[in-house]
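Quick notes on the structure that follows.
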Amino acid sequence: VQLQASGGGLVQAGGSLRLACAVSGRDLRAYDWAWFRQVPGKEREFVAAIRRSGGRTYYADSVKGRFIISRDHAENTVYLQMNSLKPEDTAVYYCGAGTPILSSITQQTSYGYWGQGTQVTVSS
């Protein structure tokens, strides 16, 4: 399976961006999907996930109420709608695919496939 992330860019605080993770090689129903982010010198941080069965979503506390993860089966794409962006949201965002157990859904080691990352920069 191959993942291609896009949609990053420069935005002012309070603005919005929508990231896309285009998937090829497998149907979305085969995996759980997640977005992580990373800043230089820090570990990759969980942002959001959506389960392959039922579509239940999970969010980091830092983005809850501002970000929405979704999937479009027709386009075989996973999205991350980011609203009310803050400077601390600045990072490289990665989409991942895997089959984690529920207790490990926020751990990057649970995801075996990754996109190349897309830079999000939020100016104050």
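The values are calculated or read from the model by the stated rules, or taken from the named source; none is laboratory data. Bear in mind the structure is a predicted one, so any value in this text is a computation, not a measurement. Positions of Cβ are backbone-derived with ideal geometry, glycine not excepted, and every protein chain shown enters the neighbour counts. In case anyone asks, the SASA skips ligands and DNA or RNA and just uses the protein heavy atoms, side chains included. Shrake-Rupley method; radii C 1.70, N 1.55, O 1.52, S 1.80 Å.
Name the pairs: first residue in segment 52-65 and within 20 Å of R26 (Cβ to Cβ), second residue open to solvent by 60 Å² or more (accessible area, probe 1.4 Å), Cβ to Cβ under 7 Å, at least 6 apart or on different chains?
R52/R29
Looking only at residues that are of a type in the set (V, I, T) and assigned to a strand (DSSP E or B) in segment 4-42, which one is nearest to D72 (Cα to Cα)?
The qualifying residue nearest to D72 (Cα to Cα) is V23.
Considering segment 73-87 alone, what residues qualify as being more than 19 Å from L10 (Cβ to Cβ), touching a residue at least 40 places away in the same chain (Cβ under 8 Å) and either out of contact with any helix residue (DSSP H, G or I) (no Cβ under 6 Å at 6 or more places or on another chain) or open to solvent by less than 50 Å² (accessible area, probe 1.4 Å) (or both)?
E75, N76, T77, V78, Y79
This table checks each residue for (1) surrounded by 14 or more Cβ atoms within 10 Å (Cβ to Cβ); (2) under 17 Å from G115 (Cβ atoms); (3) small (G, A, S).
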{"position": "L10", "(1), (2), (3)": "no, no, no"}
{"position": "F36", "(1), (2), (3)": "yes, yes, no"}
{"position": "A49", "(1), (2), (3)": "yes, yes, yes"}
{"position": "D89", "(1), (2), (3)": "yes, no, no"}
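Only one of G25, G55 is under 15 Å from G98 (Cα atoms) and either among the charged types (D, E, K, R) or open to solvent by 50 Å² or more (accessible area, probe 1.4 Å) (or both). Can you tell me which?
One residue alone meets the criteria, G25.
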